[in-house]
């Protein structure tokens, strides 16, 4: 039931207790986070709110900064896409045709020696931070792994998208109160420290202060249309299982349903719209309905896809853990997308420009 964004009875009970404790409505992104976070996190919020309601109320705005970071957006900044170079800033007011966002479970290969990781020679950015450059070799391996076609529709016009945004791992950040450090700290408020540590280790094996790794398993091949839709929170992918030999990953597709007319503050007891049975998304974009199709017909919420590789060492499957992080945060964007005060930026999580959207 919760996969379709309908809260369980236990979650509903906790949300009611939290709403009663803080005696206020909350920003839309905090509401959405509370629909997908660990139940233990809600229990902690309730315990804190019963002692100090202002403490929880003051924290609710942090969900917005987390979404800004995940969607590669920074108020008042913008950047122009340059092939195979690091992009430092992502603007919120970029072209509307752009895209904002957006495994194997565990391998025995170390990040330093594994062929799935490419660590480029760093240079210095305009702000003095070491840069990680895009890896064409990594992109080519991911595209080869996925059969040079979209893993969902099997269309041949594709982009190799990053699961975790490239611009968020391409620079170092020494400031422990910087945007990257705070994003990962805030995640711990909604999910267990063990879960967050596992996500972080996939990307930053040398710590958050250093540049991350450009990895094959942080890549997934999508059609240009699907990539645009995914980045706007039109659909989310839930990792289900991975085979013992790490050659097959099952993922489940879910269209998302945006709440209509989202106010600046809303009750935690507002029930998200169900995504069950959807074969389109109406509301992720300014007009039209987003759809995806494969040979058997329109792709619907709940459809399962098998992602495969013939070489789990050289061409590992998309990371189970990173897809899990994406599954949570993309649903937040899908639910509360109308709350975004700016157009998301033009995106650098693929190596190609994102064209028009599949709208009808």
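Tabulated data
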read-out: Calculated over region 181-313: convex hull of Cα atoms, volume per residue (Å³); value: 179 Å³
read-out: Protection-proxy order for peptides 320-328, 29-37, 43-51, each taking the mean of Cβ atoms within 10 Å per residue, highest first; value: 29-37, 320-328, 43-51
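Only the coordinates and a few stated rules stand behind these numbers; no lab work does. Just so it is clear, the model here is predicted, and its values are computed rather than measured. Note that we place each Cβ from the backbone using ideal geometry, even for glycine, and neighbour counts take in every protein chain shown.
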